[in-house]
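The values are calculated or read from the model by the stated rules, or taken from the named source; none is laboratory data. Not measured: the values here are computed from a predicted model. Using ideal geometry, Cβ is built from the backbone for each residue, glycine included, and neighbour counts are taken over all protein chains shown. These area figures cover heavy atoms from the full protein model, side chains too; ligands, DNA and RNA do not enter into them. Shrake-Rupley method; radii C 1.70, N 1.55, O 1.52, S 1.80 Å.
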Amino acid sequence: MLWVALELPALSLQIVERGGISREPRVVSDGPAQRPLVVCANEAAKAAGIREGQAVAAAKALAGVLRVIPRDERSERESLERLAAWALQFTPMVAVDGQGIVLEVASSLRLFEGHAKLSSAIRHGVHDLGFHATLGIAPTALAARTFARAEARGLQVRGCLDAALLRERLADLPLFLLDWPEKTLARLADLGILRLRDMLELPSEGVARRFGPGIVASLDHLTGRLADPRLPYVPPPRFHARLELPAEADGVEALLFPLRRMLVEFEGAMRGRGMGVQRLELVLDHGRKARTRLALDFASPEREAEFILAIAREKLGRLMLSAATVAVGLHAEALLAYVPRNAAWLPGASEQAIDRARLIERLAARLGNDRVFGIAINDDHRPERNWNAACARMKRRAAAAQPIAGRRPAWLLHRPQRLVARDGQPGFQGPLELLAGPERIEAGWWDGAEVSRDYYVAMNANGETYWIFREHRGQQGWYMHGVFA
């Protein structure tokens with residue numbers, strides 16, 4: 001087995017600043033309401049002299065304007081779960097662990113061409129999500145997490161791929177990287193036991209008697225002597241994400257940055273499950289319970305972040321916001337099976353059809369659904385009534401009538417044009433020679449617009465070809481109905 005661990009230091013602050021980095025001093029507080037303490041501070045707060053562990057009152061004295069955000073453990077847990085759902089695109093075995101997640105990646109190495117490319121893909125993906133994470137890799141989940149924690153503390157560590165070298169790589173790491181009780185760590189420090197090397201050299205029986213069997217089990221899990229099963233994360237059957245903005249956004253452009261991060265998260269979560277959506281709901285929170293909802297509808301299941309962002313950009317550009325936006329939400333209730341698109345050097349008919357469909361999606365998003373339409377076939381033999389304008393995003397309806405055997409012009413006149421006939425011979429810019437026909441069309445008796453026509457293909461002296469007919473009912477005579485060339 002091979003595990004990759006991601007540790008997210010100062011997770012509570014990362015969640016706050018994921019929608020955008022704030023230039024004003026910010027801290028996350030925790031502890032009793034009478035004397036809350038600073039859990040983590042952003043760069044602006046640290047530049048003002050604020051440090052972790054300080055009382056919030058002291059921090060306010062150092063910074064003239066300080067925004068204090070209470071720690072939200074539920075939000076942290078939800079963020080880790082969504083990160084785990086995103087990571088399912090790399091391996092089906094992902095578990096939430098402490099301030100991060102662990103992934104079992106042995107079965108994925110061949111797909112990603114080795115651990116180096118896999119680790120690089122995970123690092124870049126986490127960065128695109130708006131998180132900062134340290135990465136550890138080891139044959140056991142606990143060892144990988146310990147390496148990731150060591151890197152988060154600024155320690156120089158090397159991952160381990162070989163179980164035979166694991167004890168050696170762990171030996172010089174400090175004990176405070178493990179989730180042991182503070183009391184136990186203090187007693188070990190009094191005994192001069194500060195590193196894992198010292199702990200691993202002690203007899204297990206004595207350690208169990210003095211510090212409890214849980215410490216021995218932890219060491220065995222760490223080194224691989226004892227199995228450490230993890231419960232895989234199972235994502236919910238829907239997708240919900242929300243990002244707070246660092247400041248009120250008056251325009252639409254400021255919303256694209258946090259929206260892209262949520263869409264990257266959405267794409268990863270859908271990739272891990274082989275799913276897509278035909279409808280996404282974008283919710284803009286304006287505060288005081290005022291919200292703007294924008295539906296993103298697609299002709300077929302979609303999940304690619306860049307394409308969805310392009311559609312959202314077009315629709316947001318046509319939107320007039322009632323107030324400044326303070327948060328952005330993304331919701332998908334119905335997840336559908338997704339068919340991946342194969343990239344081809346020479347795209348075939350299916351790839352070209354997808355490109356056309358996506359072009360229609362973007363045009364409809366920019367111009368509006370009522371301004372983008374296609375042509376649908378009607379079950380009617382009358383040329384002027386055998387088609388109608390239909391929503392371009394709807395699939396064409398196949399006609400129930402029999403296939404048309406005669407030639408049809410590409411250009412059909414809006415209204416038939418009456419022709420002048422001499423001695424019964426029609427003419428247009430000279431006499432017309434009948435090349436093909438007649439083709440009899442009789443229809444419309446059921447709706448009061450009955451026609452009885454004989455259609456011909458005709459050509460004049462200039463070589464121009466027309467589609468003409470002779471009407472036997474109503475205003476009888478010769479008419480031009482279409483142009484071939």
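See the values below:
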item: Shape call, the range 1-50: gyration tensor on alpha carbons, a/c limit 1.5; result: oblate
item: Label-point gap, in nm, between Arg51 and Arg153 - each point 7 angstrom along Cα→Cβ; result: 1.8
item: For the chain, size of Cβ-based charge dipole, Lys and Arg +1, Asp and Glu -1, in debye; result: 480
item: Whether the range 17-75 is rounded, prolate or oblate, judged on the alpha carbon gyration tensor where a/c under 1.5 counts as rounded; result: oblate
item: Dipole of the chain [Lys/Arg +1, Asp/Glu -1 at C-beta], most positive-end residue of Ala295, Val326, Ser108; result: Val326
item: Among Leu226, Ala84, Gly19 - extreme Cα towards positive end, dipole of the chain, charges at beta-carbon; result: Gly19
item: Accessible-area order (highest first, 1.4 angstrom probe) of the listed residues His414, His124, His331, His472; result: His414, His124, His472, His331
item: Distance from the range 74-144 to the range 180-248 (C-alpha centre basis), Å; result: 18
item: Among (i) 34.8, 123; (ii) 27.9, 111; (iii) 21.5, 78, the entry that matches Rg and Dmax of the Cα atoms in Å as calculated here; result: (i)
item: Solvent-accessible ranking of Glu281, Glu361, Glu244, largest area first, probe 1.4 Å; result: Glu244, Glu281, Glu361
item: Carbon + sulfur, % of accessible area of the range 425-485 - ligands and nucleic acids excluded, 1.4 Å; result: 48
item: Residue-normalised accessible area of the chain, given per residue in Å² at a 1.4 Å probe; result: 55
item: Selected from Phe266, Leu118, Cys160, residue furthest toward positive end of dipole (the chain; charges at beta carbon); result: Phe266
item: Net length gained if the chain between Arg23 and Glu168 were fully extended (0.36 nm per residue, minus Cα distance); result: 47.8 nm
item: Cα shape, the range 247-320, gyration tensor, a/c 1.5 rule; result: prolate
item: The range 218-279: radius of gyration over Cα atoms, expressed as a fraction of 2.2 N^0.38 Å; result: 1.79
item: Linear extension gain, Arg362 paired with Ala323, 0.36 nm per residue minus alpha-carbon span; result: 11.4 nm
item: Burial ranking of peptide ranges 26-39, 439-452, 255-268 (average Cβ count within 10 Å, highest at the top); result: 255-268, 26-39, 439-452
item: Size of electric dipole in the range 192-302: Cβ of Lys, Arg +1 and of Asp, Glu -1, about Cα centre, debye, nearest 20; result: 300
item: Cα-based helix-to-principal-axis angle, 349-367 vs the chain, degrees rounded to 10; result: 90
item: Accessible carbon and sulfur surface of the range 1-160 relative to its total accessible area, %, 1.4 Å; result: 52
item: Amide H contacts of Tyr233 (H built 1.01 Å from N, under 5 Å, at least 5 apart or other chain); result: Val94, Ala95, Val96
item: Candidate residues Thr325, Thr465: accessible-area rank, largest first, probe 1.4 Å; result: Thr465, Thr325
item: For Glu442, net neighbour charge (Lys/Arg +1, Asp/Glu -1) across residues whose Cβ lies under 14 Å away; result: 0
item: Aspartates and glutamates whose Cα lies under 19 Å from that of Lys46, excluding same-chain neighbours fewer than 8 positions away; result: Glu17, Glu24, Asp30
